[in-house]
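Worksheet for the structure shown next.
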Amino acid sequence: MSRPYPPRATTLRPTGEAGPARIPFPEGRASEAGVGTRRRVLVSRPMVPTSMRASVLRAAGDVATEERPVPVPGPREVLVRVTAVGTCGSDTHYYEHGRLGPFVVEEPLVLGHEAGGVVAACGAEASRHTPGQRVALEPGVPCFTCALCRQGRYNLCPEMRFFATPPVDGAFCEYVALHEEFVHPVPDTLSDEAAGLVEPLSVGVWANRRAGVAPGARVLVTGAGPVGLIAAQTARAFGATDVTVTDVSQRRLELAAELGASATVDAGRTPLPESGVCPDVLLECSGVPAAASEAIGTVDRAGRVVLVGMGGAELSLPLSHVQNFEIEVTGTFRYANTWPAAIALAASGRVELDRLVTHRYGLEGVADALTVSARDETAVKAVVHPQE
Ligand SMILES: [Zn+2]
Ligand SMILES: [Zn+2]
């Protein structure tokens, strides 16, 4: 464990004003309105500075803390003071390789997309929040108007602007501005870290929805990394009665069992086909093609396979098994309309997020946070506290 930060629920309120602080002008200075009427101070941002620290990826393997202007929220945006940001495999991949699939880092980029924080100020037309509200950030804003957006499948919007995906900056910084519809209030029972980890929980909720997990389901989760551990807990919360988790790490399997898996299989010792597992849903979270192929071969008739983990470029399917058993295989890409359910699952304790956090860093420690899992086998989830 590195330096322990107790989870904090920081509040930040504007002085002398009950409603949201309005920011029609940049620079956070008091501005005036009401031509010909009594001079009235519309906005003051006494608590919001004009510059902030941001951890910037400048090239593969090179992150540094830089001073940047605090973003000025657009009319429908909310300015959020970021309190905790989980690190994700995609952040690590950008850090190590400077690219992820088709996305290439060509300009300096702020990583981090699993963020919780506190509303600091609201744009001129943003009416859903009040400064001081603790929130979880849904880190992608779609176009709202394309056919997929109108169908509610906005995760597939071709115009999606997603945190920490070039050229959109992420949340390893002190403040971010985000459209108010994607800033979700959380109860005070949720820690700052858990508010950030609502993002990977949303991945788990979306995977379980795509798989149609229902009461009585028998679910196999391959891979006990953060997403697998979350997907397994979510499957239980969705009513699955058998949740088997496989991994090659005994330590992670023990954690899976503590978090509610009904069975675990050490895939390094027992080949999955010999384990007797016969699920009707497979949530593939390992990203290891060989493990995925083998697991698909265990799925029962009319079963469903959801590919969540990202790993190899290709996967060989046990084709006669898939055909003869009419198994459905589908991918997942992020999530849509999951935040309210994910927040409720975390707040009710049905999914434990705080248990996943093993390492904590301040903003200067982003590089260490992104690489700790390669150095320390006890690492599950590293969290960055940008205010530290
Ligand atoms: Zn992620
Ligand atoms: Zn769209």
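At a glance:
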quantity: Cβ-placed point charges (K, R +1; D, E -1), dipole of the stretch 202-331 about Cα centre in debye, nearest 20; calculated: 280 debye
quantity: Ellipsoid semi-axes in whole angstrom, largest first, where each is sqrt(5λ) of the Cα gyration tensor of the stretch 106-148; calculated: 22, 19, 11
quantity: Neighbour net charge for residue 276 - beta-carbon separation under 15 angstrom, K R +1, D E -1; calculated: -4
quantity: Descending semi-axes in whole angstrom, ellipsoid equivalent of the chain, from the Cα gyration tensor; calculated: 40, 21, 19
quantity: Backbone N under 20 Å from the residue 293 label point (7 Å along Cα→Cβ), restricted to the stretch 309-342; calculated: 309-331
quantity: Relative contact order of the stretch 202-331, pairs being alpha-carbon contacts under 8 Å that are 6 or more residues apart, as %; calculated: 23 percent
quantity: Assigned charges on the beta-carbon of Lys, Arg, Asp, Glu; the chain dipole about Cα centre (debye); calculated: 1220 debye
quantity: Helix axis angle, 366-375 relative to the chain longest principal axis, alpha carbon, degrees; calculated: 10 degrees
quantity: Where the Cα pairs of the stretch 202-331 fall when distances are cut into 10 Å bins, in %; calculated: 15, 51, 32, 2
quantity: Neighbourhood charge, 12 Å Cβ-Cβ cut-off, centred on residue 339 and excluding it, Lys, Arg +1 and Asp, Glu -1; calculated: -2
quantity: Range in the chain, longest, excluding exposed trypsin sites (Lys or Arg not before Pro) [loop by DSSP; at most 11 other beta-carbon atoms within 10 Å]; calculated: 40-268
quantity: Positive minus negative residues near residue 223 (Lys, Arg vs Asp, Glu; Cβ under 12 Å); calculated: -1
quantity: Taking the chain and dividing mean pair separation by its residue count, relative contact order in percent (alpha carbons under 8 Å, at least six apart); calculated: 17 percent
quantity: Other-chain or far-sequence residues with amide H under 5 Å of residue 83's (modelled H); calculated: 116, 117, 118
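Every read-out reported here was derived from the displayed coordinates using simple, explicitly stated rules and does not represent laboratory data. Predicted, not measured: the structure shown is a model, and the values here were computed from it. A quick note on method: Cβ atoms are made from the backbone with ideal geometry, for glycine too, and the neighbour counts reach across all protein chains shown.
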